[in-house]
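Heads up, the thing below is written out as structure tokens.
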Amino acid sequence: MHQTPAVTPISRETVSSQIRTQLLEWISTGELAPGNRMPSERELSEKFEVARTSVREAMQGLVSMGVVQRRGNRVYVAEHLPDVVLEPSGDGKTFIAELFETRRVLEVPLFEMAAQRASQEDRERIVAVAAQFDPQLDINDFRQLDREFHTTVAAACGNPLLIELYGKVLDQLFRSIEFFTLLSAESNQAEVARIIAESGEAHREIAEAFFSRDAEAVRFAAQSHLDAVEHSMVDDLD
């Protein structure tokens, strides 16, 4: 079952609107992805430490906005696009190269757009996520934080369809057997440690450009980061 992300207890002022705002943030960053079942009223009321009536009101607001949908007695994050289902057309590394090529076409202009449209709160959030990268992270923690960083940046573009499409492409990359096999192979661990360290620096560079509202620098940093990771994955890992 989907694990509810960590939350900050909600104050008593405008309770339902605060709950709705936090749920919208989870959805926009991909923590609750399109098609995911929303946590139950009971789960949310316990997490937020509020009455279930406040949760119900917040959820109804999301239904009215078209962000979530009711299916019987359950509520799901709305999906506007079908799943992206890809089958490898060649060997594992060829498939990874194809995924990176697809990701580059979407991610670079999407990040540039987000840099132009982001609120100050978005920029501060992106810097905060980037600050969590550490060369000592293990690969599983790094991958989770990496996904959070990229989806947080993308969410700042303000276009729900682009955010959903980008998330589906990331899913294909992060869930691919080919990707997992390369990163988990014992012979690749020294190279993987280098990727983790260099990617952390690249994420901070993207975040700094983002905070400075320099869309051109964001575009360049995102392009350089993807090129470097693809080169490592395709050319340097066994």
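Listed here are the residues, each with its yes/no results for (1) closer than 24 Å to LEU165 by Cβ; (2) modelled with pLDDT of 95 or more.
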| position | (1), (2) |
| --- | --- |
| VAL75 | yes, no |
| ALA78 | yes, no |
| PRO82 | yes, no |
| LYS93 | no, no |
| GLU98 | yes, no |
| PHE111 | yes, yes |
| ARG117 | yes, no |
| GLN120 | no, no |
| PHE133 | no, yes |
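Which condition breaks for ALA131 when tested against (1) hydrophobic (A, V, I, L, M, F, W, C); (2) surrounded by fewer than 20 Cβ atoms within 10 Å (Cβ to Cβ); (3) under 18 Å from ARG104 (Cα atoms)?
Evaluating ALA131 over (1) hydrophobic (A, V, I, L, M, F, W, C); (2) surrounded by fewer than 20 Cβ atoms within 10 Å (Cβ to Cβ); (3) under 18 Å from ARG104 (Cα atoms) leaves (3) as the failure.
Out of the residues in the stretch 4-43 meeting the condition of being small (Gly, Ala, Ser) and at pLDDT 85 or above, tell me which one is farthest from GLU164 (Cα to Cα).
Checking each candidate, the answer is SER16.
State all residues of the stretch 194-232 that are buried (at least 16 other Cβ atoms within 10 Å of the Cβ), at pLDDT below 95 and more than 20 Å from the chain's Cα centre (by Cα); if no residue qualifies, say none.
SER232 - this is the single residue of the stretch 194-232 that is buried (at least 16 other Cβ atoms within 10 Å of the Cβ), at pLDDT below 95 and more than 20 Å from the chain's Cα centre (by Cα).
If you scan the stretch 61-75, which residues turn out to be more than 18 Å from VAL15 (Cα to Cα) and surrounded by 12 or more Cβ atoms within 10 Å (Cβ to Cβ)?
Matches in the stretch 61-75: VAL67, VAL68, GLN69, ARG70, VAL75.
Does the stretch 160-174 contain any residue that is in contact with a Cys (Cβ under 9 Å, 6 or more places away or on another chain), touching a residue at least 60 places away in the same chain (Cβ under 8 Å) and surrounded by 20 or more Cβ atoms within 10 Å (Cβ to Cβ)?
Checking the stretch 160-174: at least one residue is in contact with a Cys (Cβ under 9 Å, 6 or more places away or on another chain), touching a residue at least 60 places away in the same chain (Cβ under 8 Å) and surrounded by 20 or more Cβ atoms within 10 Å (Cβ to Cβ).
Quick one: MET59 ticks every box in (1) of a type outside the set (Lys, Arg); (2) under 23 Å from LEU165 (Cβ atoms); (3) over 16 Å from the mean Cα position of the chain (by Cα) bar one, so which box is it?
It is condition (2) that MET59 fails.
Check every one of the helices (runs of 4 or more DSSP H) wholly within the stretch 44-153 and list those with 1 or more residues that are under 19 Å from SER212 (Cβ atoms) and of a type in the set (Val, Ile, Thr).
92-117, 120-130
Between ALA97, ALA131, ALA156, which is in contact (Cβ under 8 Å) with a residue 24 or more places away in the chain, small (Gly, Ala, Ser), under 17 Å from ASP227 (Cα atoms) and assigned by TED's automatic domain parsing to the domain that holds LEU173?
Just a single option satisfies the conditions, and that option is ALA97.
Here is a check on your reading of the model: is SER232 of a type in the set (Ser, Thr, Tyr), touching a residue at least 12 places away in the same chain (Cβ under 8 Å), farther than 30 Å from ARG117 by Cβ and part of a helix (DSSP H, G or I)?
Yes: the conditions hold for SER232.
The values are calculated or read from the model by the stated rules, or taken from the named source; none is laboratory data. Please read these numbers as outputs of a predicted model, since none were measured by experiment. As a convention, Cβ positions derive from the backbone with ideal geometry for all residues, glycine included, and neighbour counts pool all protein chains shown.
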